[in-house]
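Everything on this sheet refers to the single structure shown next.
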Amino acid sequence: MDRRKIDVGLSTFLMIISVIILTNDNLADGGAESDLGILFLPRVVAGFIILFAAIIGIQSLRSLSQGHKPEGQELIATDGFTGIFIYIAIFVFYWLAVPYLGFMITTPIVMLAVAYLLGGRNWPPIIAVSVITPILIFYGSREFLRVYLPTWAF
Amino acid sequence: MIDNILSGFSSILAIGPILGIVLGVVIGIIFGAIPGISAIMAIAIMLPMTFYVDPIIGITMLLAVYKAGIYGGSISAILINTPGAAASFLTAQDGHALTKAGKSGKALDMSLFASVSGEMLATLVLILVAAPISAISLQAGPIEKVFLLLFAFTVIGSMAGESIPRGLLSCCLGMLFAMVGLDSITGSSRFTFGIPELMGGFTFTPMLIGILVMPEVFNVIRRRKVPHHEMAITRSPKPADNRISLKEYRSVFGTILKSSGIGTFIGALPGLGSSTAAFMAYGEAKRTSKQPEKYGKGSVEGIAAAESANNAVCGSSMIPMLTLSIPGDDVAALLMGAFLIHGLTPGPMIFFEHTETIYAIFAGFLITDLFLLGIARSGFKFFVKMASLRRYFIFPCVTVFAFTGAFTAGQNMNDILILIVFTIVGYSMRLVGLNPAVFIIGFILTPFLEQNLDQAFAIVGTDYSQFLASPFSWVFIALSAFFVFSSMRMRKKSAKDQSTAREEAA
C-alpha cells in the first residue's frame, strides 16, 4: 500500500476538521467566562494541525505527481492484515458479549479464539490456561482490587 | 536530604513494598524477555492493578517492572538474536555472537552487571539532582511554565517523530483529544456533541493501553506464521566461559562508568530515549577501545557499553518528569500517568507535598537494583523457560489483561470501546508514521498547559508584552529553536548518510 496516498487523504481530512474547529462556535457549550476563552487553545492547536498536515500532504502529493516510486517507509506492507481484522472482530465480540454472558463465560471463548488465531492447536494446555486464567482474574480482582467484573445477566 | 533518604528507606523496607518490588522484577524480566512484549506493555498491563494499593507499593512496583523489563530485553537479544527493543540491538550483535560460541552465560552475566551498574549510577544522579532542580523550577510562574511546556512539546515532537511535521502533528492530535469533555477551569463542555459519555473526556488507562500496548499484539498477529524460536542457554565445558569474573568486570568498569554517564545525560533530555543512549555509548566505547575490531563479533565490552547506557536512561528519564512535569519518552509518560492516578502530580511541588512518598520511591529504585541482581542471577533458567512460552499461550492472556485493565479504570463497559477505538487509532498512527508516544505526551501535558495559560492571561491582562518580559521565556524560545534546528540537521545528515550508503551498495 502506498502511504503517500493515505497521507494526502489523512491531511485533507485533518485540515477539514481543523477548519471546522476554527469556524464553528457551537463546539463548546455552557460554563463560565474565562480570560482565555474556551475555544482558544483548540483553535491554536487546529491552526498548527493545518500547518503540519499541509506540509505532510503537499510533500506526498508532490512525490506522487512526480511519479516517484514509493520507497522505505512510504510502502506499507499489508500481509497479515486478515489476522488483525479477525482479532478486532473477536475483541468487539468480547465487548458486546461480556455484559450478557459475563466475564467467566466469555473470556475462555475469547482466549481459545485468539490462541487458535495464533496457530495454537495443542488443545489440553490451551483449554487449561483459558479456563484457569479468567477464574484467577475474576476472583483476584474481586478479593484484592474490589473490582467486580460483569457476571451472567440473564 | 539525608534525613529524607533515610526516611524513604524506612518506608520502603516493609513487607508490602518489598513484595511489590519482587513481583515487579519477576514480571518485568519475563515480559522483557518475551520477544514481542516490551517493558512499556508490561507497565501498562500492570498499571490498573496498582490503583488500589498504596502509592509507594504501586509506583515502586511499576518502576521495578520498568527496570527489569529493560534488562529482560537483553535475554532474548543474547539468546535468540531478537532484541525486545531497539535499544537492545547492539547487545544482540555481541551477545548472540557469544551465544554461538557457547558463552551465553558470560554474555547474560555481563549484561546483568552492566545494567544494574548503569541503573544504580543514574538513580544516584536522580536522587542528588532532582530536588535541587525542583527548588529552582519552583521559582517559575505560570508564564514561565507555559514556555516550558511549549518547549517540551516542540522538543519531544521534533526529536521523537519519524519527521518533524509528523512528530509535531502527533503531539497536536494528542492535545486535541485531551480537550474533549468538561473543561476543569470554566466547566464548559467541549467536543462532546451532546454525548454524555464524552463529558468526562477519554479515560486515560484504556486509551493508553489501546495506543501503546495493543498495536504490539497486532504486530504479533501479523507475524503469526513466523516460526517460534526456542531459547536455550548454551554451556561451555570451561566454567570461565559461563560467567564473568571480577577481573573481567574490573576491566570493563571504566566503560560502564562512561556509558552510564552518557545514558544518564541522554535520558535526562526529553525525546531522545534509550536507543540513542545505547548507540552513542557503544560508538564512544568502540572509539576508545583497545580492541575495536571485536565489537559486533562478541565483545564483552560492547555489551557492557550498550546495556549500562540503555539502563541508565531508566533513572535519569525521571529527572525532567519529576522536576519539570515533562515526560521525556513513552515510558516516562506512562509513569507520569501512574503518578497522577495515585494522586501525585509530578513537578517541583512533589518534593514538598509528598516528601516521604517520593524519597520512598527513590529508595525503592535503589533496592530494585539489588533485587534485580539477585533474582535475575539466580533464576536465569526459569526466566528463559518462561520467555520461551509459545505465543498462543501469552497473547490470549495479554488480551484478557488489557480488557480487565481497561475495565478496572472506571468499571465501565464504555472504557472497553475506548480501548478498541484507540487500539485501531494507535496502530493506524504507526502505519502512517505518526508517533503514539508523542500523542500520549501531548494528551497528558495539555491540561497543565491550559491551566497555566489561563493563569498567565489573567496575570498579563491586555499587556501581552509581559509574556516576553521574563528571561525564562527567551531561554525556552531559544532552546526550542535550537532543538528544532539541530533535529533538522541530524535528520538531513542521516538521510545523506543513507543515500551515500545506498549509492555505495549499488
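The values are calculated or read from the model by the stated rules, or taken from the named source; none is laboratory data. Note that the coordinates shown come from a computational prediction; the quantities given were computed from them, not determined experimentally. Glycine gets a Cβ as well: all are built from the backbone with ideal geometry, and neighbour counts include every protein chain shown.
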*How many of the residues making up region B:215-230 are facing another protein chain (nearest Cβ under 7 Å) and among the charged types (D, E, K, R)?*
3
*Take region B:233-257 and flag every residue that is free of Cβ contacts under 8 Å to residues at least 40 places away in the same chain and farther than 20 Å from B:GLY95 by Cβ.*
B:PRO237, B:LEU246, B:LYS247, B:ARG250, B:GLY254
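Out of all the residues in region B:174-190, which are among the aliphatic types (A, V, I, L, M), more than 7 Å from every other protein chain (Cβ to nearest Cβ) and in a helix (DSSP H, G or I)? Break it down stepwise before answering.
Within region B:174-190, the subset among the aliphatic types (A, V, I, L, M) is B:175-176, B:178-180, B:182, B:185.
From what is left, the residues that are more than 7 Å from every other protein chain (Cβ to nearest Cβ) are B:178, B:180, B:182.
Passing the criteria: only B:ALA178.
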_Every residue from region B:395-411 that is surrounded by fewer than 23 Cβ atoms within 10 Å (Cβ to Cβ), under 20 Å from B:VAL220 (Cα atoms) and more than 7 Å from every other protein chain (Cβ to nearest Cβ)_ = B:PHE401
_Could you check region B:389-424 and list, in sequence order, the residues that are within 17 Å of B:ALA42 (Cβ to Cβ) and of a type in the set (Ser, Thr, Tyr)?_
B:THR399, B:THR404, B:THR408
*Residue in region B:48-63 that is modelled with pLDDT of 90 or more, assigned to a helix (DSSP H, G or I) and of a type in the set (S, T, N, Q) present*: yes
_If I filter region B:370-391 for residues that are touching a helix residue (DSSP H, G or I) at 6+ places or on another chain (Cβ under 8 Å), within 9 Å of another protein chain (Cβ to nearest Cβ) and part of a helix (DSSP H, G or I), do I get at least one hit?_
yes
*Quickly run through region B:269-299 and pick out the residues that are part of a helix (DSSP H, G or I) and either buried (at least 24 other Cβ atoms within 10 Å of the Cβ) or of a type in the set (D, E, K, R) (or both).*
B:GLY273, B:SER274, B:ALA277, B:ALA278, B:ALA281, B:TYR282, B:GLU284, B:ALA285, B:LYS286, B:ARG287, B:GLU293, B:LYS294
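Output the helices (runs of 4 or more DSSP H) that fall wholly within region B:412-506 and possess 2 or more residues being hydrophobic (A, V, I, L, M, F, W, C) and more than 14 Å from chain A (Cβ to nearest Cβ), or say none. Spell out how you get there, then give the answer.
Values: elements: B:414-431, B:436-460, B:471-505.
Answer list for region B:412-506: B:436-460, B:471-505.
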*Cβ pairs under 6 Å, 6+ apart, first in region A:42-56 and closer than 16 Å to B:SER158 by Cβ, second of a type in the set (Val, Ile, Thr) and in a helix (DSSP H, G or I)*: none
*Options A:ILE84, A:ILE58, A:ILE38; residue that is within 7 Å of chain B (Cβ to nearest Cβ), of a type in the set (Val, Ile, Thr) and assigned to a helix (DSSP H, G or I)*: A:ILE84
